[in-house]
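Below is one structure; the comments refer to it alone.
The values are calculated or read from the model by the stated rules, or taken from the named source; none is laboratory data. Quick caveat: nothing in here was measured; it's all calculated off a predicted structure. Ideal geometry is used to build each Cβ from the backbone, glycine not excepted, and the neighbour counts take in all protein chains shown. Just so you know, the surface numbers come from the protein's heavy atoms only, side chains and all, with ligands and any DNA or RNA stripped out. Shrake-Rupley method; radii C 1.70, N 1.55, O 1.52, S 1.80 Å.
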Amino acid sequence: MLVESIEIKISKKDAMKHILKKTPLVSRIEQFNKKPKNIHIEYIEFKVLSYEIISKHKGQKLFRHEVKKQNITMLVNTYNGYSESIDIIPATVKRYIAKSCIKKSKVDEMYIIEEVKTQIIYFLGNNLKYESLDRLGIQNIKLIQIKSIYKPYWVSDFNGKKIYIDA
């Protein structure tokens, strides 16, 4: 499957060293120096959502209101639903990935779109410190672009638990 993914920056050896540092010493001693097994790479899908927000703010003039356009780009992890606002979209490379290496998303795309809209409204309401959302003056929140990118993770099985390391 041809997808856009972020480049792998950590080799398998470096990932193994990092995993050994991440596991607690007491845990390794109790389990007779067990080493992490089955280190492989998995890709998690991230959605890049670009929104255009049009808002009118009441000014000092009676009939004319200021119209502001603002663009917000959100990055959403489709596996756990975590989202954050970003300024720059991460650099990606097109590559072929086996479908077995792609982690299946747990969150529906339509749910992501609507939830991010409510987060934007909530953020703008808290950021501008208005008493109610009616006075916020948001006229329209429009989805401009939706894009999927895949982020690689080194995954290891250590005593039945999966350990994820950024690749």
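Report the FRET efficiency, 1/(1 + (r/R0)^6), for Leu20 and Ser148, where r is their Cβ-Cβ distance and R0 is 45 Å, rounded to 0.05.
E between Leu20 and Ser148, to the nearest 0.05, is 0.85.
For the set Val48, Val67, solvent exposure ranked by accessible area (probe 1.4 Å, protein chains only) runs largest to smallest as Val67, Val48. Sorting Met1, Met74, Met110 by accessible area puts them as Met110, Met1, Met74; the probe is 1.4 Å, largest comes first, and only protein heavy atoms count. Name the residues of the stretch 136-164 whose amide N is less than 15 Å from a point 7 angstrom out from the Cα of Glu52 along the C-beta direction? In the stretch 136-164, the label zone of Glu52 (backbone N under 15 Å from the point 7 Å along Cα→Cβ) covers 139-146. Distance between the modelled labels on Tyr96 and Tyr164, one decimal in nanometres: 2.7 nm (7 Å Cα→Cβ projection). Remark: the Gln119-Ile86 segment gains 10.5 nm on full extension, using 0.36 nm per residue and subtracting the alpha carbon distance.
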